[in-house]
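Chemist: The structure's right below; bear with me while I get my questions together.
The values are calculated or read from the model by the stated rules, or taken from the named source; none is laboratory data. Only a predicted model underlies this, so the values are computations on that prediction, with no experimental measurement involved. All Cβ positions, glycine included, derive from the backbone under ideal geometry; neighbour counts span all protein chains shown.
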Amino acid sequence: MSSSTAIANANKSGAPTRIGLIGCGFYAQNHLNAWDDLKHEGGVLVAVCDSDQGRAQAAGDARGVPWFSDAEKMLSALQPDLVDIVTQMNAHRSLVELVARHGIGLIVQKPLAPNWEDCLAMAAATARAKVFAAVHENFRYQPQMTRMKELIDTNTIGKATFARISFRIGFDVYASQPYLLTEPRGAILDVGIHLLDLARFFCGEVVHVLAETQRRNPRVAAEDTATILLRHESTAVTVVECTYESRRLPDTFPETLIEIEGDEGAIHLHAGNRLVITSRGAMTEETVELPSLDWADPRWRASQVAVLETNRHLLRSFRTSRPADTSIADNLNTYALVDASYLAAERGVAVVPKRWVEG
Ligand code: NAD
Ligand code: 89V
């Protein structure tokens, strides 16, 4: 019996899923807090690892679990059922391939990799190992996005024909993520990837992409602003826009503002998770309440709630032996839109994105 089958059987029997986390830096604190909140839903943190020994020890001591500075040693010593990789993307491929070689399921943060070739290598390694493999692409698990998807799927607005997905902020993202100042690919790979995933989530796959980028902040190496136009297979058109250089107040970080129009209505997501829903001539309003988290930082709350809801979905998927909605295989089609956006901006032409079909 393969280890994943044995684990799945154990999960069905009610044994908790034993989780190891690799990469105890800035954003991992949200993952660690979310796993704490999910310990009564079948997940239990059993070990942490960071190549920075100080960070590893701080995380391990804070949660009373063993800590390691070498991932291989953690896997061999603890044999977790599921590994949560929260390093920056330059370490994702080596860690995904390592965990897959151990026959262990995994979650890996976005962006999956710095380039398409590494993404494909990770898809191949996890498929070969037949292990659970998910990307922590978490914007679609925000409660307001779940509600919008529910409205679309229940035909509230008819057939979606247009969407505008907007992340325009001035919040200093570089303070907690200084590497964003020097990456050769900037806003599209960092936040555009979330918005492009939402475009697929709401309007389906894409047939071609147009894009313009801007570098408005002289401190950054790459683009900090992008305006992307998508034509979907459904014939819908989506505008995806992001900037870290907005001067608008109030600053809406980390919220994504969205308008989706259909042939029988529209959904408008305003700041504060306020939804204005028009369906066949009737308008209603609702505010999507976010769960209160005792560990939330008000400046990051929408993002932190997304981590909790994403971890919950991924844990449930793993424990019931179902692929994650944001499997590595699925995320390749979001990543393909990132690559197509850069190529479209570089060449000034419409670009047909690569398409990954599993199997
Ligand atoms: P960070 O640099 O603060 O933390 C990464 C940690 O990984 C560091 O402590 C580093 O020492 C450790 N590390 C690197 N290589 C390692 C290895 N081989 N083995 C063990 N540990 C290793 O980075 P961060 O800002 O926390 O970002 C981590 C990831 O989270 C990035 O991919 C980023 O894009 C993503 N992120 C996602 C969201 C979101 O989901 N909405 C928000 C912010 C950041
Ligand atoms: O959510 C993220 O991926 C972060 C951002 C600054 C966009 O919030 O990098």
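Chemist: Do the conditions hold for A344, that is, is it farther than 27 Å from G158 by Cβ, without any contact (Cβ under 8 Å) to a residue 60 or more places away in the chain and over 17 Å from the mean Cα position of the chain (by Cα)? Let's see the steps before the verdict.
Modeler: On the way: farther than 27 Å from G158 by Cβ: yes; without any contact (Cβ under 8 Å) to a residue 60 or more places away in the chain: no; over 17 Å from the mean Cα position of the chain (by Cα): yes.
Answer is no for this residue.
Chemist: Kindly list, by first and then second residue, each pair from a residue in the stretch 109-121 that is of a type in the set (K, R) to a residue that is near ligand 1 (Cβ under 10 Å from one of its atoms) and assigned to a helix (DSSP H, G or I), limited to pairs with Cβ atoms under 7 Å and residues at least 6 apart or on different chains.
Modeler: These pairs meet every condition: K110/I193.
Chemist: Among the residues of the stretch 152-194, which ones are part of a helix (DSSP H, G or I) and either under 20 Å from the mean Cα position of the chain (by Cα) or near ligand 1 (Cβ under 10 Å from one of its atoms) (or both)? Outline the logic, then answer.
Modeler: From the stretch 152-194, those part of a helix (DSSP H, G or I) are 152-153, 178-181, 187-194; that's our starting set.
Across the stretch 152-194, the qualifying residues are P178, Y179, L180, A187, I188, L189, D190, V191, G192, I193, H194.
Chemist: Of these, D153, D197, D172, which one is closer than 30 Å to E285 by Cα and free of Cβ contacts under 8 Å to residues at least 12 places away in the same chain?
Modeler: Numbers: D197 fails: free of Cβ contacts under 8 Å to residues at least 12 places away in the same chain; D172 fails: closer than 30 Å to E285 by Cα.
Of D153, D197, D172, the one residue that is closer than 30 Å to E285 by Cα and free of Cβ contacts under 8 Å to residues at least 12 places away in the same chain is D153.
Residues checked against (1) under 15 Å from R147 (Cα atoms); (2) small (G, A, S); (3) modelled with pLDDT of 95 or more; (4) loosely packed, with under 15 Cβ neighbours inside 10 Å:
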position	(1), (2), (3), (4)
R248	no, no, yes, yes
E261	no, no, yes, no
H270	yes, no, yes, no
V276	yes, no, yes, yes
Q304	no, no, yes, no
R319	no, no, yes, no
V357	no, no, no, yes
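Chemist: Checking the conditions here, which among R101, R128, R168 is within 16 Å of ligand 2 (Cβ to nearest atom) and not hydrophobic (A, V, I, L, M, F, W, C)? Talk me through it step by step, then tell me what you get.
Modeler: On the way: R101 fails: within 16 Å of ligand 2 (Cβ to nearest atom); R128 fails: within 16 Å of ligand 2 (Cβ to nearest atom).
When all the criteria are applied, what remains is R168.
Chemist: While we're looking at this one, here's another question. Given (1) more than 18 Å from I85 (Cα to Cα); (2) among the hydrophobic types (A, V, I, L, M, F, W, C); (3) buried (at least 19 other Cβ atoms within 10 Å of the Cβ), identify the lone condition not met by F139.
Modeler: Status for F139: all satisfied but (1).
Chemist: Could I ask something else about it? Tell me, please, whether a residue that is modelled with pLDDT of 95 or more, out of contact with any strand residue (DSSP E or B) (no Cβ under 8 Å at 6 or more places or on another chain) and of a type in the set (K, R) can be found in the stretch 102-125.
Modeler: We begin by selecting, within the stretch 102-125, every residue modelled with pLDDT of 95 or more; these are 102-125.
From the residues that got through so far, the ones that are out of contact with any strand residue (DSSP E or B) (no Cβ under 8 Å at 6 or more places or on another chain) too are 102-103, 111, 113-121, 124-125.
Restricting the remaining residues to those that are of a type in the set (K, R) gives none.
No.
Chemist: So if I check each of R248, R301, R274, which one is within 24 Å of I188 (Cβ to Cβ) and among the basic types (K, R)?
Modeler: When all the criteria are applied, what remains is R248.
Quick grid of which residues meet (1) farther than 17 Å from R18 by Cβ; (2) assigned to a loop (DSSP other than H, G, I, E, B); (3) out of contact with any helix residue (DSSP H, G or I) (no Cβ under 6 Å at 6 or more places or on another chain):
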site	(1), (2), (3)
P80	no, yes, yes
N90	yes, no, yes
R93	yes, no, no
V99	no, no, yes
L112	yes, yes, no
C119	yes, no, no
T126	yes, no, no
V135	yes, no, no
R140	yes, no, no
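Chemist: Then there is this: Of all residues in the stretch 140-182, which are under 27 Å from A28 (Cβ atoms), aromatic (F, W, Y) and in contact with a strand residue (DSSP E or B) (Cβ under 9 Å, 6 or more places away or on another chain)?
Modeler: Once the filter is applied, which keeps residues that are under 27 Å from A28 (Cβ atoms), aromatic (F, W, Y) and in contact with a strand residue (DSSP E or B) (Cβ under 9 Å, 6 or more places away or on another chain), the stretch 140-182 yields only F167.
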